[in-house]
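Below: one structure, written as structure tokens.
We did not get these values from a lab; they are worked out from the coordinates using the rules stated. What you are looking at is a predicted structure, and each value in this text was computed from that prediction instead of being measured. Quick reminder, even Gly has a Cβ in these numbers, built from the backbone with ideal geometry, and neighbours come from all protein chains shown.
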Amino acid sequence: MARPRMTSPGFQGEVQAAYAEVNRYRVSALKSELHSLMTLAQQGALVYGRDEDVEQMVFGARLVLELRHPCREGGRLRQVRMYFSEPAHDEHTLLGLHVTVKLENDGTPAWKAAQNRDCAEAETRLREHYGLVIRPIER
């Protein structure tokens with residue numbers, strides 16, 4: 001059974017920012033690829049595991065999954081990374097959490113720190129969605 005898609009606040013804006021960061025000629029292809037990946041994820045048709053289509057993040061409580069879509073721009077490989085979750089207690093739900101564009105992993109501590117921040121943001125949004133975390137109001 002297909003899972004309905006839901007998104008956390010900020011997700012759609014991040015998708016638009018990712019489109020803007022990728023070469024403008026690749027935007028329509030990227031939209032199509034991300035849509036296809038999410039549809040395949042809904043259908044349970046992606047390969048799960050390290051360096052496969054979907055990878056469970058090691059960071060935090062391991063509630064977040066990651067889809068990566070490579071795109072080459074100006075000789076540099078970038079990846080659009082889409083973080084999502086399929087909560088066991090909320091059957092038939094695929095929740096989009098966070099989207100970012102990253103350069104290919106260069107093994108530096110800075111790259112790893114950025115990856116951890118993105119995972120933490122996705123996990124916080126997941127917990128906020130279910131009312132488990134409330135961020136302080138910024139004044």
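Full-extension gain between LEU132 and ALA17, please, as 0.36 nm times their residue separation minus the C-alpha to C-alpha distance.
Numbers: separation 115, 0.36 × 115 = 41.40 nm, distance 2.73 nm.
Here the answer is 38.7 nm.
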Notebook entry, point to check: Put a dot 7 Å past each Cα toward the Cβ at GLU91 and VAL47; how far apart are the dots in nm?
Noted result: 3.0
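From the C-alpha coordinates alone, can you work out the Kirkwood hydrodynamic radius of region 59-127, in Å?
Working: mean 1/r = 0.0775 Å⁻¹.
Evaluated over region 59-127, this radius sits at 12.9 Å.
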Check: Could the peptides 76-86, 108-118 be put in order, highest first, of the mean number of other beta-carbon atoms found within 10 Å of their residues?
Finding: 76-86, 108-118
Next item on the list: With a point put 7 Å past each Cα toward its Cβ, work out how far ARG62 is from ASP106 in nm, to one decimal.
Entry: 3.1
